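The values are calculated or read from the model by the stated rules, or taken from the named source; none is laboratory data. Predicted, not measured: the structure shown is a model, and the values here were computed from it. A quick note on method: Cβ atoms are made from the backbone with ideal geometry, for glycine too, and the neighbour counts reach across all protein chains shown. Each accessible area value is taken on the protein alone, full model and side chains, heavy atoms only, with ligands, DNA and RNA left out. Shrake-Rupley method; radii C 1.70, N 1.55, O 1.52, S 1.80 Å.
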Amino acid sequence: MNTKAVCEKLNVTTKMLRIYEEQGLICPRRRENNYRDYSAENLLQIETIATLRRLGFSIPEIKKLMEFDKTRNEQLDMFYL
């Protein structure tokens, strides 16, 4: 999915997407023309990041949350804290 479609679908701005990418929160693959191509996993990540931002989490806090091993319950423990 291209940037414009993602922005329309998730109600985010291109600037937000660039910041998330610069901070290492998302990593969309690139097409041959160097355009970003967002996967279903990227969409879920963006939606999660946007929700956490609305809840008041900072980018560094979100980065820590997203780095947890999701096979364990560390992420849930972090939310409880």
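Number of residues in region 1-32 that are open to solvent by less than 30 Å² (accessible area, probe 1.4 Å) and either outside any loop (DSSP other than H, G, I, E, B) or touching a Gly at 6+ places or on another chain (Cβ under 8 Å) (or both) equals 5. For region 22-53, a tally of residues being of a type in the set (K, R) and closer than 14 Å to M66 by Cβ returns 1.
Residue by residue through region 34-52, note down the ones that are in contact (Cβ under 8 Å) with a residue 24 or more places away in the chain, in a helix (DSSP H, G or I) and open to solvent by 50 Å² or more (accessible area, probe 1.4 Å). Matches in region 34-52: E47 only. Among the residues of this structure, L65 does not count as one that is out of contact with any Lys or Arg (no Cβ under 8 Å at 6 or more places or on another chain) and modelled with pLDDT of 90 or more.
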